[in-house]
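Note sheet for the following structure.
Every read-out reported here was derived from the displayed coordinates using simple, explicitly stated rules and does not represent laboratory data. What you see is a predicted model, and the numbers here were worked out from it, not measured in a lab. Here the Cβ is made from the backbone with ideal geometry for all residues, glycine too, and neighbour counts use every protein chain on show.
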Amino acid sequence: MFAPGSRAEVPIVGRVAGADGSVVAVSGQVDRLAVTGETVLIADYKTDRTVPRRLSEVADAYIVQLALYRAVLARIYSQQTIRAALIFTAGPNLIEVPGTAMEAALAAFMQRVTLK
């Protein structure tokens with residue numbers, strides 16, 4: 001995450017399409033971004049006072065946030081694996097969010113958005 005060539009506070013803007021064709025605009029900032037030959041690493045810092053110790057304790061909104069970033073970056077880095085993590089600074093504690101968790105969170109989010 002902090003290797004030469006990695007970047008801090010990278011703006012991200014794009015669109016994510018749902019299975020039903022609905023589109024959600026995404027605009028945010030990736031706290032850390034590192035691109036290697038095979039992998040894109042994204043991390044988001046969280047300053048929560050209560051620090052989760054495992055993924056099951058992480059707020060759903062945080063996982064959705066990373067899932068949206070991942071979906072936008074996947075359009076640019078289609079040949080690389082995109083990995084994501086949350087860094088809780090008060091721990092400190094790093095929790096990697098598996099791709100399957102982000103996929104499920106994104107699907108649930110897109111379904112909620114299209115029902116409105």
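Quick rundown of the values:
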item: Karplus-derived 3J(HN,Hα), 6.51/-1.76/1.60, for each residue of the range 54-63, Hz, glycine and proline x; result: 9, 4, 5, 9, 7, 4, 4, 4, 5, 5
item: Percent antiparallel among DSSP beta bridges (both partners in the chain, rounded to 5); result: 70 percent
item: Karplus-derived HN-Hα couplings along the range 71-82 (A = 6.51, B = -1.76, C = 1.60, θ = phi - 60°), whole Hz, x at Gly and Pro; result: 5, 5, 5, 5, 6, 8, 10, 5, 8, 9, 7, 10
item: Cα radius of gyration and Dmax for the range 42-116 (Å); result: 12.9, 38
item: Amide H contacts of ILE12 (H built 1.01 Å from N, under 5 Å, at least 5 apart or other chain); result: GLY28, GLN29, VAL30
item: Proximal charge balance of ASP44 [Cβ under 13 Å; K/R count +1, D/E count -1]; result: 0
item: Sparse-neighbour loop sites [chymotrypsin sites (Phe, Trp or Tyr not before Pro); the range 1-83; at most 10 other C-beta within 10 Å; DSSP]; result: PHE2
item: For VAL97, residues with placed amide H under 5 Å, excluding near neighbours; result: ALA84, ALA85, LEU86
item: Placed amide H near GLY18: partners under 5 Å, 5+ positions off or other chain; result: VAL23, VAL24
